[in-house]
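Colleague: Let me begin by handing over the structure; questions about it come next.
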Amino acid sequence: MKLVIAIINRDDSTAVTQSLNKNGFSSTRLSTTGAFLLAGNVTLLIGVKDEQVQAVIDLIRQCSHSRKQMVPALTEASYGFMPVMPVEVTVGGATVFVVDVERFERL
């Protein structure tokens, strides 16, 4: 058994969870925040059999899209951080971890 941990942009999370549910995979959804952009993410915990891992990753890939976004850059001034010209960054997509599960029980 494996645990798939998928960190997904908030904008893609509904499409990902609906696709997983439609294909018979249940998940636990956690609201999380990324450290770099302080933007909302969703972390999904998905328990699957070893042979189902690739199917889950494929579904996540189909529904998680990278895109460019303008965000304000911050610069440190003597009195704190102040915004400067916006910079373009890539957001979205998904970060996926797959870990072995030693034991699983549904209580």
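The values are calculated or read from the model by the stated rules, or taken from the named source; none is laboratory data. What you see is a predicted model, and the numbers here were worked out from it, not measured in a lab.
Colleague: Within the bounds of region 46-68, is there any residue that is at pLDDT 95 or above, assigned to a strand (DSSP E or B) and within 16 Å of Thr14 (Cα to Cα)?
Modeller: yes
Colleague: Give me the residue from region 69-107 that is of a type in the set (S, T, N, Q) and in a strand (DSSP E or B) and, out of that set, modelled with the lowest pLDDT.
Modeller: Only one residue fits best here, namely Thr75.
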